[in-house]
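Presented below is the structure to which this report refers.
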Amino acid sequence: MKILVAVKRVIDYNVKIRVKADHSDVDLTNVKMAMNPFCEIAVEEAVRLKEKGVATEVVAVTVGPKAAQEQLRTALALGADRAIHIETDERVESLAVAKLLAKVVEDEQPGMVILGKQAIDTDNNQTGQMLAALTGLPQGTFASEVAADGDKVNVTREIDGGLQTIALTLPAIVTTDLRLNEPRYAKLPDIMKAKKKPLDVKSPADYGVEVASRVSLVKVESPAERKGGVKVASVDELIDKLKNEAKVL
Amino acid sequence: MSILVLADLHEGQLAGATAHVVAATQAIGGDIDVLVAGEGVQAAAEAAAKLDGVSKVRVADNPVYAHQLAEPMGALLVELADGYTHVLASASTTGKNVLPRLAALKDVSQLSDVIAVDSADTFKRPIYAGNAISTVKSDDALKVITVRTTGFDAVGTSGSATVEAVDVVVENSQSSFVKEELAASDRPELGGAKVVISGGRGMGNGENFKLLDGIADKLGAAIGASRAAVDAGFVPNDMQVGQTGKIVAPDLYIAVGISGAIQHLAGMKDSKVIVAINKDDEAPIFQVADYGLVGDLFEILPEFESKL
């Protein structure tokens, strides 16, 4: 079966963000960007399914600016066979991304779509579920295990308080949680080879999808800073402070 | 305005999160209905009817809604959403799983993890792991919202809403429940606990997390962990506190052997009092801790437990 993997270009996991002085947004000028960590897990899972012989082809797709091709090349270096770049400079919301991906699903007819459960910039956690709803396919979100078996897949999900396993008919949409796998690093020869793999560039208009946002960003602020307190010298002092000063014991 | 709240269930009972979502709904204003969907959920419906501010509890009690699988739950919400201006759920794994389906099928955006209500169409929500707070305004006719429960104090339970059955039954041939493995624990649930004690990479291994047990028992605390501890395989992921785990805001948060990566701080920095125990006096966790104790956790924890 063919697997479609969606990836997103986001701020690097380790970068501390700054809010713009005019509070219009977060300042991403000259900030290191990378593939969203949950998307790395999605790519890894797709590649592993191919290595196991479950998948025959892995197609990576992204929606974003020209520079997002870097993340597609990373996906290709990690083992994806080809890539689709839906290029736009707009701030594309989850719903519009899901609509675009639904069109790609229609074109490509994958047996499974794997996405990260959330992107670490907007922290929305919506796209996979929206894609499932729009395509009429079942969803296995927050997956920590994916076991495909014939025309079904069992997905073990990280839920509040534990784990839940569900069985889905294929094709299905899967979103990844942290413990699904540990992504590999791309090797230099694979990075070189990735440059020659096919990468199609499309626009939202090619799919007839309107990407203008429905939600306006009124302002962005830094959260209230928490002031550091005091260092205590001993366990006795700590307990005394918690009892008599903070009054939480 | 007329608002529908999807109730959170935990093992068939009404989960504490719902009282926080109703509080967020009161901040918006308008009539509040609560939808309780599942199998054998009469008790949960009666509990929901007691939540202050709720006018009506709608009960969809049918095997197809058992375990609140996303496909039938989404379809049910689509059937019921007409006539409401807002549909809210908690940002639990159920709310996150189900609500985006409603939004997509109604062709509206969703606002996730709302922490404050400015007005009926303008809300605050954290982005970038809580390192920025965005104020967003939705122009959609139907607002679909998940609520971060730590942003709203729970409503009381002196209400007496009417309870009525919903007879909508949807089909589901795409997904089925196989099994659930819930952590058996007598401790309070991480999201709602008044005291949380969490261990990080500094705990060294999973076995050492037992050092937290006695303290948790004495304080009635839930036990959490940093992502580093989860990634290292010390403890299961459902204990994770942080951007990609649980968001907690207890009265007292004790961070043990946790350096304080921004992703962890995102999950606990709204706690009332933070205590950090770490051997590295430069650890960033001390910048947010009200009380810091520098030292070897393997000496400090037993002493702390014995003196509580």
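Just so it is clear, none of the values below were taken in a lab; they were calculated from the coordinates. In this text, all values refer to a predicted model and were calculated from it rather than measured experimentally. Here the Cβ positions follow ideal geometry from the backbone for every residue, glycine too, while neighbour counts run over all protein chains shown.
The table below lists the values:
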item: Folded to 0 to 90 degrees: helix B:17-28 orientation relative to chain B principal axis, Cα; result: 60
item: Separation of alpha-carbon centers, segment B:208-267 and segment A:151-213, rounded to whole Å; result: 29
item: Equivalent ellipsoid semi-axes - Cα gyration tensor, the protein assembly as shown, angstrom; result: 35, 30, 23
item: 33 Å tail of the calculated P(r), segment A:2-245, as % of Cα pairs; result: 26
item: Reachable aspartates and glutamates, given that their alpha-carbon falls under 18 Å from the alpha-carbon of A:Lys241 and they are not under 8 places away in the same chain; result: B:Asp251, B:Asp290, B:Glu303, B:Glu305
item: Cα gyration tensor shape of segment B:190-307, rounded if a/c is under 1.5, else prolate or oblate by comparing a/b with b/c; result: rounded
item: Residue-averaged [θ]222 nm for chain B, counting only DSSP H segments that reach four residues, each worth -39500 (n - 2.57); result: -7000 deg cm²/dmol
item: Nearest-ten-degree value, helix B:70-80 long axis tilted from longest Cα axis of chain B; result: 40
item: Loop sites in segment A:138-239: chymotrypsin sites (Phe, Trp or Tyr not before Pro), DSSP, at most 16 other Cβ within 10 Å; result: A:Tyr185
item: Viscosity 1.002 mPa s, 20 °C: Kirkwood-radius Stokes-Einstein D of segment B:2-165 over Cα pairs, µm²/s; result: 139
item: Per-residue ³J(HN,Hα) for segment B:176-192, Karplus 6.51 cos²θ - 1.76 cosθ + 1.60, θ = phi - 60°, Hz, x for Gly and Pro; result: 9, 7, 9, 6, 9, 10, 9, 4, 7, 8, 8, 7, x, 5, 3, x, x
item: Straight-distance crosslink candidates among lysines, where the alpha carbon sits under 30 Å from A:Lys195 and sequence neighbours closer than 8 are dropped; result: A:Lys2, A:Lys8, A:Lys32, A:Lys50, A:Lys52, A:Lys66, A:Lys99, A:Lys103, A:Lys117, A:Lys187
item: In order through segment B:135-151: 3J(HN,Hα) via Karplus (6.51 cos²θ - 1.76 cosθ + 1.60), integer Hz, x for Gly, Pro; result: 9, 10, 10, 9, 9, 5, 5, 10, 9, 10, 9, 9, 10, 7, 5, 5, x
item: Shielding by other protein chains, B:240-246, mean Cβ within 10 Å; result: 3
item: Sites matching trypsin sites (Lys or Arg not before Pro) across segment B:163-243 that sit in DSSP coil, with at most 14 neighbouring C-beta atoms within 10 Å; result: B:Lys194
item: Highest average packing first - B:269-275, B:219-225, A:178-184, Cβ atoms within 10 Å; result: B:219-225, B:269-275, A:178-184
item: From phi via Karplus (6.51, -1.76, 1.60), per-residue ³J(HN,Hα) for segment B:39-53 in Hz, x at Gly/Pro; result: 10, x, 10, 4, 4, 5, 5, 5, 5, 5, 5, 7, 5, 4, x
item: Principal-axis tilt of helix A:94-108 within chain A, Cα atoms, nearest 10 degrees; result: 20
